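Here is the structure we will look at.
The values are calculated or read from the model by the stated rules, or taken from the named source; none is laboratory data. It should be emphasised that the depicted structure is a prediction, and the values quoted were computed from it without experimental measurement. FYI the Cβ positions are ideal-geometry reconstructions off the backbone, even for glycines, and counts take in every protein chain you see. Surface areas here come from the heavy atoms of the whole protein model, side chains and all, with no ligands, DNA or RNA. Shrake-Rupley method; radii C 1.70, N 1.55, O 1.52, S 1.80 Å.
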Amino acid sequence: MQPADKEFDELFRKYTDDTMTPEEFRQWRVMLLDERNTARLESLLAALADTDHSAFGQDAPLPEMYAHIIQAIPSKATDKPPRRLIWWAAAASLLLLIGTGIFRWQQQAGKQQLAAKYDVAPGSSKAVLKLADGSVITLDSVAKRQIQLGNATAQQVNGQLNYAPSSNGEAAGINVLTTPRGGQFQVVLPDGTKVWLNAASSLSYPTAFTGRERLVEVSGEAYFEVAKDAHKPFRVKISKQESYIDVLGTHFNINAYPDEAAIRSTLLEGRIRFSAAQAVVLQPGQQAVLAAGTQTPQVVNGVDTSAVMAWRSGLFNFEGQHLREVMRQLARWYNIEVVYDQEVPDVVFGGKIVRNVSLTQLLKILTDAGVHFRLEPGGKLIIQPK
């Protein structure tokens, strides 16, 4: 059994026993939003249904039970229904909520002002491809088509753009793939290298790698799985600063958003050399951090690569992040404007949250950390003081 499954099982037991702490309940709510836990939850509920629950009020009046089910999942562990309703609340309400994919929480009077008509959907697969001749093609998550790129061709299949392998004598033009705020996309380059772009990012690359090296340029965040070619090194130029990554291995992530305080290059597999005024060579599990205004990258050991790659797994990683860092992630993914009313609350977050929920659903989870906000028309999120 995986550690995450054990944790899920233990929280399920505490929920049904009515022994959850408020912090555990917040964690439980987040895990319930993750579709990967659906099958495990249904299995646990099925096992629960096969046991004798008469001591937990199985024969309690149905109207009272379903009043709890329809009304809400409680917003605090201390708000959960009485013990005699625990089993029915767990089995019936959780199955109902998983089946519909909708989670409703009680709103405390006057605490938040969220209007459903102002809600914002999560990001999706979409990008803009600028060709060498200056023409622009809009890409989305559903189209299937072949794109002619001079002497080269590319096939769009849903949220992925696949370039046909190039020959050494083929003329090369520069293409630029850009994801907007609220978008992400994947591209397979002519050499077979796979690149995933996070929201508000761009990748510039030739339609054929004809020289002695394979040079691309990136802005924002991207994850690379580089195709091996001993005769033609792969090199990444980082737009934010005159720095390069020379690929000596295969799998790595680059975070180089203009509004972040540092460039972070994280190695998952193989080796890379991160070069600014000075160069460092990374081993798997290491991260090079080049702070703004500096020339020497610092190496961080023992990096949690699953946290770095949370975005590729459909998650937000909020572990140890301050409010401004979290809001920058949300602004890119939901294409919203974040405004701070007076001072910025000193709040540090923890854990991971799925990215496929609407903005208001996610914000309701963040209220447990003491964040107060107001969502206005046009995607403006006002962060208010405590």
- Query: For the stretch 228-386, rounded, prolate or oblate, judged on the Cα gyration tensor with a ≥ b ≥ c (square roots of eigenvalues), a/c < 1.5 rounded, else prolate if a/b > b/c?
  - Reply: prolate
- Between the stretch 233-298 and the stretch 309-356, the Cα center-to-center distance that results, in Å: 23 Å
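All other residues with a Cβ under 9 Å from the Cβ of LEU44 taken together, and with Lys, Arg as +1 and Asp, Glu as -1, what is their net charge?
Details: positive: ARG13, ARG40; negative: ASP9, GLU42.
Surrounding charge for LEU44 is 0.
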- Note on the structure: Given 312-319, 221-228, the highest-first ranking by average Cβ count within 10 Å works out to 221-228, 312-319
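How high is the FRET efficiency from ARG145 to ASP346, r the C-beta distance, R0 35 Å, rounded to 0.05?
Details: r = 50 Å, r/R0 = 1.42.
My answer for the efficiency is 0.10.
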- Query: What is the local net charge at LEU215, summed over the other residues whose Cβ is closer than 12 Å to its Cβ (Lys, Arg +1; Asp, Glu -1)?
  - Reply: +1
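Stretched out fully, how many nm does the piece from ARG328 to LYS232 gain, at 0.36 nm a residue minus the Cα gap?
Working: separation 96, 0.36 × 96 = 34.56 nm, distance 3.67 nm.
This chain segment gains 30.9 nm when fully extended.
Given a 1.4 angstrom probe, what's the average accessible area per residue across the stretch 126-273, in square angstrom? The partial results should precede the final answer.
Details: 6250 Å² over 148 residues.
With the other protein chains kept in place, the stretch 126-273 gives 42 Å² per residue.
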